[in-house]
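Structure record follows, encoded as structure tokens.
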Amino acid sequence: MDITLHNTQSGKRERFEPLVPGEVSIYLCGPTVYDFAHIGNAVPAVAFDVLVRLLRLEYPKVTFVRNITDVDDKINAAGIATGRPIRELGERYAKEYQDDIAALGVIPPDVEPRATGHIPEIVDMIETLIAGGHAYEAEGHVLFHVPSDPDYGTLAKRSLEDMLDGARVEVAPYKRDPKDFVLWKPSTPELPGWESPWGRGRPGWHIECSAMIRKHLGPVIDIHGGGSDLTFPHHENESAQSRCVNGGTPSVRYWLHNGMLTMGTGKMSKSVGNIVTIRELLSRHDGEVLRYALLSGHYRAQLMWNESLAQAQSSLDTLYQALRDTDDGSNETAASYANADTDAFPSDVVVALCNDLNTPQALAAMHALASQARRADSPESVRALRAKLLAGGWLLGILTKPVAVYFHGVGESADAMAPDVVEARIEERNAAREAKDFARADAIRDELAAGGIQLEDGRAGTRWRRV
RNA sequence: GGCUGGAUGGCAGAGUGGUCAUGCAGCGGACUGCAAAUCCGUUUACGCCGGUUCGAUUCCGACUCCAGCCUCCA
């Protein structure tokens, strides 16, 4: 099975081959923790979650690192604005982020490093850059000298002249070149800071990632990802720093970038204000529905976020309905296939994912399997197709709940009717129907409907679900 | 202005040089005391103008429009 991935560095799809046979190192830029994450922040987390699941099918050892940026001027600003300790703020929103994406079915990374835990490594790296003539100190700052790196600009594919044309930032007087960027900057007493050879200060954003990658995954890693809005300047700068520390060897072999989620006027972002938080969506929808909505578009394409999520809900329902229709009482879920052999997984789904993580095509394959499973005529083929469907669900991170929980789960509301109460009422209604007492039967149906219970009269009796 | 990437049916969204995406919605049927749900079936498409080709939504060129980045950003 060949995995192909679109590499931003080359601008092409390339066949993926790890540096060390059988071992994959993968890094994803995580959140800056100063507030609740919005649904756009979940796109790379979910996409990389699927990628890691896929890679683990093929490679015995996959090390996935996703950082948390917990020292940053936005956090400082939020701390000052709320009057709360800055460290506490970061801790809190890091936890909220972890909870949010766990609800979306994202498996925790192998290592989740914090920038604040890597100050010595950051300082080391900066010293190496200074020694190599790639960085210099000026007025308490340390700056990376962009002209010292002949390959600068090759990731974002823009020439140094292009960058100047659009420059909208005022150039600090101490910069030797307008494009030079900060590796270390001084902190005032009220701001977080660490002692360093250049005085008390804090690291720039780009160097944090470079240092954490180097420490946890080594000087050269296989895959590095993030949102396409990070390509420039964040990843370009990161790439430059690490390459210069490596003596010219690129530190990343495959760069992956996801497209932006748009809502209304354009890209969802806090500065525009057109955001919806994951937390808010989770109060109205199952996390799996959110995940399905994100997977329904290709990760590199821009996806229009539809807040109603009705389509994703209905589509996911269809897959769960197929599981319900083929229920064999085994109580298996997608999670049952977490460690299954490669041949347990549906090849159409695997092939789609191997093709630069084509999740829409993989979902189409899931619907095809669901349809086949419902129509299969022998119990053996029903069982086999159902197993494939669940295994595919594991790769995509959906179908993780028992069917009964999906349709009957009590959800958020504490006053929801308990399942045995619902079933007792259904029995009463069916007795009334038997006795042709339709007024009474309909009254019970209305009562249940008012409690959010929808009945389905079918050949095999009456089924129900919460809506 | 520069750089990147888009434009597919009512909507979302894959893909392909000639046959089918898929889902949602719609429509028809089955089932039902009725209704809903469910199940089965099904209509509708490839921005605009040229070119290459036996044949283009798919390849090439121009045009129009859109988005992202060039500032913090997933």
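The values are calculated or read from the model by the stated rules, or taken from the named source; none is laboratory data. A quick note: this is a predicted structure, and the numbers were derived from the prediction, not measured. Heads up, the Cβs are rebuilt from the backbone with ideal geometry, glycines too, and the neighbour counts pull from every protein chain shown.
Worth pointing out:
- Any hit, the stretch A:63-74, residues being near RNA strand B (Cβ under 10 Å from one of its atoms) and without any contact (Cβ under 8 Å) to a residue 12 or more places away in the chain: yes
- Helices (runs of 4 or more DSSP H) fully within the stretch A:246-353 counting 1 or more residues that are in contact with a Gly (Cβ under 8 Å, 6 or more places away or on another chain): A:287-295, A:310-325
- Complete set of residues in the stretch A:354-379 that are within 7 Å of RNA strand B (Cβ to nearest atom) and either outside any loop (DSSP other than H, G, I, E, B) or free of Cβ contacts under 8 Å to residues at least 12 places away in the same chain (or both): A:N355, A:P360, A:Q361, A:L363, A:A364, A:H367, A:A368, A:S371, A:R374, A:R375
- Test for A:R465: is it surrounded by 15 or more Cβ atoms within 10 Å (Cβ to Cβ) and within 36 Å of the chain's Cα centre (by Cα): yes
- Restricting the stretch A:296-312 to residues that are within 24 Å of A:R466 (Cα to Cα) and more than 8 Å from RNA strand B (Cβ to nearest atom), the residue that is surrounded by the fewest Cβ atoms within 10 Å (Cβ to Cβ) is A:S308.
- Members of the stretch A:97-117 found to be more than 14 Å from the chain's Cα centre (by Cα), in a helix (DSSP H, G or I) and surrounded by fewer than 22 Cβ atoms within 10 Å (Cβ to Cβ), listed by number: A:T116, A:G117
- Qualifying residue in the stretch A:412-426 (condition: among the charged types (D, E, K, R), more than 8 Å from RNA strand B (Cβ to nearest atom), touching a strand residue (DSSP E or B) at 6+ places or on another chain (Cβ under 9 Å) and modelled with pLDDT of 90 or more): yes
- Some residue of the stretch A:251-266 being in contact with a helix residue (DSSP H, G or I) (Cβ under 8 Å, 6 or more places away or on another chain), more than 6 Å from RNA strand B (Cβ to nearest atom), over 27 Å from A:L303 (Cβ atoms) and at pLDDT 95 or above: yes
- Qualifying residue in the stretch A:453-466 (condition: free of Cβ contacts under 8 Å to residues at least 60 places away in the same chain and assigned to a helix (DSSP H, G or I)): no
- Applying a threshold of 9 Å to beta carbon distances and a minimum spacing of six or more residues, or different chains, the list of pairs starting in the stretch A:131-151 at a residue that is over 16 Å from A:W198 (Cα atoms) and ending at one that is outside any loop (DSSP other than H, G, I, E, B) and among the charged types (D, E, K, R) reads A:D149/A:R243; A:D151/A:R243.
- Any chance A:P219 is modelled with pLDDT of 95 or more and surrounded by fewer than 18 Cβ atoms within 10 Å (Cβ to Cβ): yes
- Qualifying strands (runs of 3 or more DSSP E) (wholly inside the stretch A:1-48; at least 2 residues being closer than 16 Å to A:K61 by Cβ and either within 12 Å of RNA strand B (Cβ to nearest atom) or at pLDDT 95 or above (or both)): A:23-28
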